[in-house]
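Trainee: One structure, as structure tokens, below. Some questions next.
The values are calculated or read from the model by the stated rules, or taken from the named source; none is laboratory data. The shown structure was predicted, so the numbers you read here are calculated from the model rather than taken from an experiment. Ideal geometry is used to build each Cβ from the backbone, glycine not excepted, and the neighbour counts take in all protein chains shown.
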Amino acid sequence: MSHKILSKKELCKDVYIADIEAPLVAAAAKPGQFVIICLQTTYSERIPLTIAGTDEKNGSIRLIWQAVGKSTAEFGHLKVGDELENVLGPLGKPTHIENFGTVVCVGGGIGNAPLLPIAKGMKQAGNKVISILGARNKSLLILEDDFKAISDELIIVTDDGSYGRKAVVTVPLDEICQSQKVDMVVAIGPAIMMKFASQTAVKHNIPVVVSLNTIMIDGTGMCGGCRVEVGGQTKFVCVDGPEFDGSKVNFDLMMKRMQAYKKQEQQALEEYKHKCKIGLDK
């Protein structure tokens, strides 16, 4: 079964959003879950992407991704009407959502995409939702209006101060945790950001949940590529996660493992961009 691209646009440089026809996934997906897509079975890599939204009536799912390697760049070059050969999902365990009280949702960069359906779910469950969104600069900030629509309070920070407050996300997070009762922190973004957001929450004795985006191949727990250490035990992000207690994740080990293919990934991306520039077949 092929899956047609129903809509697509570029949110910012190398970051894309698309609605994909996948009625069975849309009907079953819950916040926190992901899919694995394959552009063409014969040559494409398998790309794990968190579901950023669903439209069950339209039979579609929303995906947001960044072109960081050859396959994600190829996906970014597809047009409305093009089709993906495979969309596998929903995968992973959904977010545990209930009325905790006050939930602080912390997003960094592309992590805003998987965070949005969780923040929406928390709001619908009756929580007070405070959202903190961070980016390197204003041009890289995504989904601000979407978070504004569902947050009781929205705080924007940028590394260079080009928009919002010049700070990293842990600064307002620490201030909020000091000034009021916070019942849960949800942090999604770069591993280093989730590490320090988790440390901030732990300092204030607040439960913290993170969503991990590790190297992944099959998505069913067979390959072991996504393994992480949580509470001293080996876990697989695809079947045990992708969400874990941030206070128990060995982020240093995870970040070391994620560097395994970074050089090859960058090289493949540069080669693909060069081929596109000189007009060769993808």
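Trainee: Which condition number in (1) within 20 Å of residue 11 (Cβ to Cβ); (2) in contact (Cβ under 8 Å) with a residue 40 or more places away in the chain; (3) surrounded by 15 or more Cβ atoms within 10 Å (Cβ to Cβ) is the one that residue 104 fails?
Mentor: Going through the list (1) within 20 Å of residue 11 (Cβ to Cβ); (2) in contact (Cβ under 8 Å) with a residue 40 or more places away in the chain; (3) surrounded by 15 or more Cβ atoms within 10 Å (Cβ to Cβ), residue 104 breaks only (1).
Trainee: Within the stretch 171-190, is there a residue that is among the basic types (Lys, Arg), surrounded by fewer than 19 Cβ atoms within 10 Å (Cβ to Cβ) and not in a helix (DSSP H, G or I)?
Mentor: Filtering the stretch 171-190 down to residues among the basic types (Lys, Arg) leaves 181.
Adding the requirement that they be surrounded by fewer than 19 Cβ atoms within 10 Å (Cβ to Cβ) leaves 181.
Keeping just the survivors that are not in a helix (DSSP H, G or I) gives 181.
Checked the stretch 171-190: at least one residue is among the basic types (Lys, Arg), surrounded by fewer than 19 Cβ atoms within 10 Å (Cβ to Cβ) and not in a helix (DSSP H, G or I).
Trainee: Filter the stretch 145-163 down to the residues that are part of a loop (DSSP other than H, G, I, E, B) and over 22 Å from residue 196 (Cβ atoms) and list them by number. Reasoning before the result, please.
Mentor: Residues of the stretch 145-163 part of a loop (DSSP other than H, G, I, E, B): 151-152, 159-163.
Of everything in the stretch 145-163, just one residue is part of a loop (DSSP other than H, G, I, E, B) and over 22 Å from residue 196 (Cβ atoms), namely 152.
Trainee: Looking only at residues that are out of contact with any Cys (no Cβ under 8 Å at 6 or more places or on another chain) and not in a strand (DSSP E or B) in the stretch 217-240, which one is farthest from residue 34 (Cα to Cα)? Show your work before the answer.
Mentor: Initial filter on the stretch 217-240 (out of contact with any Cys (no Cβ under 8 Å at 6 or more places or on another chain)): 222-225, 227-235, 239-240.
Among the residues that remain, those that are also not in a strand (DSSP E or B) are: 222-225, 231-232, 239-240.
Numbers: 222: 17, 223: 17, 224: 17, 225: 16, 231: 23, 232: 25, 239: 11, 240: 13 Å.
Ranking the qualifying residues of the stretch 217-240, first place goes to 232.
Trainee: If we keep just the residues of the stretch 144-156 that are within 17 Å of the chain's Cα centre (by Cα) and surrounded by fewer than 21 Cβ atoms within 10 Å (Cβ to Cβ), which is farthest from residue 100 (Cα to Cα)? Working first, answer last.
Mentor: To start, the set of residues in the stretch 144-156 that are within 17 Å of the chain's Cα centre (by Cα) comprises 144, 146-147.
Among the residues that remain, those that are also surrounded by fewer than 21 Cβ atoms within 10 Å (Cβ to Cβ) are: 144, 146.
Details: 144: 24, 146: 22 Å.
Step by step, filter the stretch 144-156, then rank; the result is 144.
Trainee: Only one of these is touching a residue at least 60 places away in the same chain (Cβ under 8 Å) and assigned to a loop (DSSP other than H, G, I, E, B): 142, 110. Name it.
Mentor: Numbers: 110 fails: assigned to a loop (DSSP other than H, G, I, E, B).
Unique residue meeting the criteria: 142.
Trainee: For the stretch 104-131, give me each residue that is under 26 Å from residue 72 (Cβ atoms) and aliphatic (A, V, I, L, M).
Mentor: If the condition is that a residue be under 26 Å from residue 72 (Cβ atoms) and aliphatic (A, V, I, L, M), then 106, 110, 113, 115, 116, 118, 119 are the ones that fit.
Trainee: Take the conditions among the small types (Gly, Ala, Ser), over 23 Å from residue 237 (Cβ atoms), out of contact with any His (no Cβ under 7 Å at 6 or more places or on another chain) and modelled with pLDDT of 95 or more and apply them to residue 2. Does it pass? Walk me through it before giving the result.
Mentor: Working: among the small types (Gly, Ala, Ser): yes; over 23 Å from residue 237 (Cβ atoms): yes; out of contact with any His (no Cβ under 7 Å at 6 or more places or on another chain): yes; modelled with pLDDT of 95 or more: no.
Here the answer is no, as residue 2 does not meet what is asked.
Trainee: Being crowded, with 18+ Cβ neighbours inside 10 Å and part of a helix (DSSP H, G or I) is the filter here; which residues of the stretch 1-30 pass it?
Mentor: Correct list: 25, 26.
Trainee: Between a first residue in the stretch 33-60 that is assigned by TED's automatic domain parsing to the domain that holds residue 79 and under 23 Å from residue 242 (Cα atoms) and a second residue that is assigned to a loop (DSSP other than H, G, I, E, B) and among the hydrophobic types (A, V, I, L, M, F, W, C), which pairs have beta carbons less than 6 Å apart while being 6 or more apart in sequence or on different chains?
Mentor: 48/216; 51/29; 54/29
Trainee: Given the residues 252, 218, 281, which is the only one that is among the acidic types (Asp, Glu) and modelled with pLDDT of 90 or more?
Mentor: Of 252, 218, 281, the one residue that is among the acidic types (Asp, Glu) and modelled with pLDDT of 90 or more is 252.
Trainee: May I pose another question? If you go through the stretch 55-62 one residue at a time, do you hit one that is in a strand (DSSP E or B), under 18 Å from the mean Cα position of the chain (by Cα), at pLDDT 95 or above and surrounded by fewer than 23 Cβ atoms within 10 Å (Cβ to Cβ)?
Mentor: Yes - at least one qualifying residue is present in the stretch 55-62.
Trainee: With respect to the numbered conditions (1) surrounded by 15 or more Cβ atoms within 10 Å (Cβ to Cβ); (2) free of Cβ contacts under 8 Å to residues at least 12 places away in the same chain, which one is the sole condition not fulfilled by residue 133?
Mentor: (2)
Trainee: Turning to a different aspect of this structure: Six or more apart or on different chains, Cβ atoms under 9 Å: show the pairs whose first residue is in the stretch 150-178 and within 12 Å of residue 133 (Cβ to Cβ) and whose second is aromatic (Phe, Trp, Tyr) and part of a loop (DSSP other than H, G, I, E, B).
Mentor: 156/163; 157/163
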